[in-house]
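Here is the structure we will look at.
The values are calculated or read from the model by the stated rules, or taken from the named source; none is laboratory data. Predicted, not measured: the structure shown is a model, and the values here were computed from it. We place every Cβ from the backbone using ideal geometry, glycine too, and count neighbours over all the protein chains shown.
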Amino acid sequence: MNATNFGISHYLPKMKIKLRGIEYHYKCHQKTPDLPYLVLLHGFMGSGSSFDELIPQLCEFCNPITVDLIGHGESEGSEMHYRFAAKEQVADLIKLISEQLSSPLFLHGYSMGGRLALIIALQRPDLIQGLILESTTFGIKTEQERQARQALDAQRADSILGNYAQFLKEWRALPLFKNSESNSSMLNIQEEQNPLWMSNSLLGFGTGNMPYLRTHLSKLTMPVLLLAGKSDRKFVNIMNAMQHQISNSMLTLFEHTNHRVHSERPTQFAQSLQSFITHNNLP
């Protein structure tokens, strides 16, 4: 453990830090010396608070750290959408992990956060003891498909700026969120977001702008846990493809579950993480 960063006199549960000109908010939910650290990265229009329901269970076997990604929750955003690009966000998060947290650590990412977690693990495997990817992707292969997705994200970005309340209504009606649309805490998190920053998030780091990483997956050597809901067929297929590319990986599918596994099945989700982290925690 890095005593300088996590010594008792330095420990604060809720912190803000300037990373490459952007003020980020993150929260260390506990500091138990004998337990490994787990950083959790949320999805689009979420925040670190998206995981609040899980924290008591996670604290039983790890030290959870939640981060508000750029423009989300209490973290600062930017009027320039390029500041949300993959290379920019990854540089921020690598700086946070390497300079402020105790590494190597376990890194979890859900959906958009999973895309960031995957890139971080490929760029800086020395920082990651184990990787957990939930309902995420390795990018889009063909230029035609990428451009189509970029056009869709641009359309959605315009809708956010034009009428955010209407966009939220349509977003929540997507089949992807069928089993979790009534989660009141998530609804509140979404409603409190800054529409300009949500628009720029889509323009800067929508799936169509993510680098295609499938051919790089075989480079991952750390243990990898892949999680998806069985009702989320698109991402079941993607996660299956990931499992075949990553030698040291396992895939867990959740019955009667859609995209937000951590929200729809919090107890089973926490149990999966506990098993993975306990098994792979280095002495």
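Could you tell me whether any residue of segment 66-82 is assigned to a helix (DSSP H, G or I) and of a type in the set (D, E, K, R)? No, segment 66-82 contains no residue that is assigned to a helix (DSSP H, G or I) and of a type in the set (D, E, K, R).
Could you tell me how many of the residues in segment 272-283 are free of Cβ contacts under 8 Å to residues at least 60 places away in the same chain and either within 16 Å of TYR110 (Cα to Cα) or in contact with a helix residue (DSSP H, G or I) (Cβ under 9 Å, 6 or more places away or on another chain) (or both)?
The number of residues fulfilling the criteria is 1.
The set of residues in segment 119-151 that are in contact with a His (Cβ under 6 Å, 6 or more places away or on another chain) and outside any strand (DSSP E or B) comprises LEU122, SER135.
Exactly one residue out of PHE44, PHE51, PHE61 is of a type in the set (Phe, Trp, Tyr), in a helix (DSSP H, G or I), closer than 23 Å to HIS262 by Cβ and at pLDDT 95 or above, and it is PHE51. Per the listing SER199, SER159, SER135, the residue uniquely touching a helix residue (DSSP H, G or I) at 6+ places or on another chain (Cβ under 7 Å), at positive phi and not acidic (Asp, Glu) is SER135.
Counting only helices (runs of 4 or more DSSP H) that fall entirely inside segment 173-283 and contain at least 2 residues that are of a type in the set (A, V, I, L, M) and out of contact with any Pro (no Cβ under 8 Å at 6 or more places or on another chain), the qualifying elements are 184-191, 195-205, 233-245, 266-280. Only one of LEU213, LEU225 is within 27 Å of ALA148 (Cβ to Cβ) and in contact (Cβ under 8 Å) with a residue 60 or more places away in the chain. Can you tell me which? Every option except LEU213 fails the conditions.
Counting only residues that are part of a loop (DSSP other than H, G, I, E, B) and within 21 Å of the chain's Cα centre (by Cα), which one in segment 1-20 is modelled with the lowest pLDDT?
Here the residue is PRO13.
Every condition in (1) in a loop (DSSP other than H, G, I, E, B); (2) under 15 Å from the mean Cα position of the chain (by Cα) is met by ASP92 except one, and the failing one is (1). A Cβ distance below 9 Å, combined with a sequence gap of six or more or placement on separate chains, defines the contacts here; from segment 156-170, residues that are closer than 16 Å to PHE44 by Cβ and free of Cβ contacts under 8 Å to residues at least 24 places away in the same chain reach no residue that is surrounded by fewer than 11 Cβ atoms within 10 Å (Cβ to Cβ) and of a type in the set (Val, Ile, Thr).
Residue count for segment 219-255 under the criterion of being within 14 Å of LEU118 (Cα to Cα) and either in contact with a His (Cβ under 6 Å, 6 or more places away or on another chain) or among the hydrophobic types (A, V, I, L, M, F, W, C) (or both): the result is 10.
Scanning segment 221-233 for residues that are within 18 Å of the chain's Cα centre (by Cα) and charged (D, E, K, R) yields one hit, ASP232.
In segment 124-140, the residues that are more than 14 Å from PHE276 (Cα to Cα) form Cβ pairs under 9 Å with partners that are among the basic types (Lys, Arg) and buried (at least 24 other Cβ atoms within 10 Å of the Cβ), at six or more places apart or across chains, as follows: SER135/ARG260; THR136/ARG115; THR137/ARG115; PHE138/ARG115; GLY139/ARG115.
Looking at GLU192, GLU181, just one residue is acidic (Asp, Glu), at pLDDT below 95 and within 21 Å of GLY48 (Cα to Cα), and that residue is GLU181.
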